[in-house]
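The values are calculated or read from the model by the stated rules, or taken from the named source; none is laboratory data. Given the structure is predicted, the values throughout are model-derived calculations rather than measurements. No Cβ is skipped: glycine too gets one built from the backbone with ideal geometry, and neighbour counts run over all protein chains shown.
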Amino acid sequence: AQTVTQSQPEMSVQEAETVTLSCTYDTSESDYYLFWYKQPPSRQMILVIRQEAYKQQNATENRFSVNFQKAAKSFSLKISDSQLGDAAMYFCARLLSSGSARQLTFGSGTQLTVLP
Amino acid sequence: EAQVTQNPRYLITVTGKKLTVTCSQNMNHEYMSWYRQDPGLGLRQIYYSMNVEVTDKGDVPEGYKVSRKEKRNFPLILESPSPNQTSLYFCATGQFYEQYFGPGTRLTVT
């Protein structure tokens, strides 16, 4: 099965510091999308950032940026200047779409704690 | 305001009692999908629909049914719930590159 792997079940970071969450994925497709979602205690799924596989430039959204290594099938999330509100579960996800199919596969998540 | 609504938000039921979780979106999207979230497993796709009357299985469809008779609604049906279907369920809709998730439904089957 084609999978998405998050090898860090838990991470912690000091407020104002930088943290990187890891994600690797498996696919034989050349065209796909990658996402990071945030799930705070409210359980709402919030899109943090997305990356199109055909784009070489790494996506950036304010304090959030990714390191997309297509050949290595790696997609890490960097959070700069961490804030208390960043504490949440973070999920990496891969979207494949071909013909009439659309498959969104998630990793198992990384629980991020921000220490004051 | 763009919204995905799910009802009920919380449900405790007994084994074998049929139930339906409703999902509705006001964004006129063709694509809708259902996921279940379990600790240590992330979210797993149950069923998805590319358009009205078009549905397909995701990764974990066993024990679930869906229907898509109109664009805005995509109900999830558990004909005979079992305790292993105790989970947090999310409905989602969106364009190709972005998914909007509902608030989740916490289901407990005893």
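Structural remarks
- Considering residues of the range A:1-25 that are assigned to a loop (DSSP other than H, G, I, E, B) and within 14 Å of another protein chain (Cβ to nearest Cβ) only, the residue farthest from A:L115 (Cα to Cα): A:A1
- Here the condition is being in contact with a helix residue (DSSP H, G or I) (Cβ under 8 Å, 6 or more places away or on another chain) and either under 30 Å from B:D56 (Cβ atoms) or surrounded by fewer than 17 Cβ atoms within 10 Å (Cβ to Cβ) (or both); of A:E10, A:E29, A:E15, it holds for A:E15 alone.
- Residue count for the range B:28-54, restricted to those that are polar (S, T, N, Q) and either surrounded by fewer than 16 Cβ atoms within 10 Å (Cβ to Cβ) or over 23 Å from B:A2 (Cβ atoms) (or both): 2.
- In the set A:F75, A:F64, A:F91, A:F106, only one residue is over 23 Å from B:L41 (Cβ atoms) and not basic (K, R); that residue is A:F64.
- Among residues of the range A:66-92 that are surrounded by fewer than 23 Cβ atoms within 10 Å (Cβ to Cβ), those with a Cβ under 9 angstrom from a residue that is of a type in the set (D, E) and at pLDDT below 95, sequence gap 6+ or separate chain, pair up as A:K73/A:D26.
- Residue within the range B:58-70 that is touching a residue at least 40 places away in the same chain (Cβ under 8 Å) and among the polar types (S, T, N, Q) present: no
- Residue check, B:Q37 modelled with pLDDT under 95, in contact with a Leu (Cβ under 7 Å, 6 or more places away or on another chain), closer than 18 Å to B:Q99 by Cα and within 11 Å of chain A (Cβ to nearest Cβ): no
- Looking at the range B:60-110, the strands (runs of 3 or more DSSP E) lying wholly inside it that each contain 2 or more residues that are at pLDDT 95 or above and within 13 Å of A:M45 (Cα to Cα) sit at B:87-95.
- Test: residue in the range A:37-44 that is at the interface with chain B (Cβ under 9 Å from one of its Cβ atoms), surrounded by 12 or more Cβ atoms within 10 Å (Cβ to Cβ) and outside any strand (DSSP E or B): yes
- Subset of the range A:77-116 that is at the interface with chain B (Cβ under 9 Å from one of its Cβ atoms), assigned to a loop (DSSP other than H, G, I, E, B) and among the polar types (S, T, N, Q) - its residue that is nearest to A:T18 (Cα to Cα): A:S108
- Check on A:I79, under 13 Å from the mean Cα position of the chain (by Cα), closer than 28 Å to B:T105 by Cβ and of a type outside the set (D, E): no
- Scanning the range A:1-44 for residues that are in contact with a strand residue (DSSP E or B) (Cβ under 8 Å, 6 or more places away or on another chain) and free of Cβ contacts under 8 Å to residues at least 12 places away in the same chain yields A:R43, A:Q44.
Conditions tested, residue by residue: (1) surrounded by fewer than 20 Cβ atoms within 10 Å (Cβ to Cβ); (2) within 11 Å of another protein chain (Cβ to nearest Cβ); (3) of a type in the set (S, T, N, Q); (4) over 15 Å from B:Q3 (Cα atoms).
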| site | (1), (2), (3), (4) |
| --- | --- |
| B:S67 | yes, no, yes, yes |
| B:N73 | yes, no, yes, no |
| B:I77 | yes, no, no, yes |
| B:S82 | yes, no, yes, yes |
| B:T86 | yes, no, yes, yes |
| B:F90 | no, yes, no, no |
| B:P103 | yes, yes, no, no |
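- Within the range B:48-65, the set of residues being in contact with a strand residue (DSSP E or B) (Cβ under 7 Å, 6 or more places away or on another chain), within 14 Å of another protein chain (Cβ to nearest Cβ) and farther than 20 Å from A:L95 by Cα comprises just one member, B:V52.
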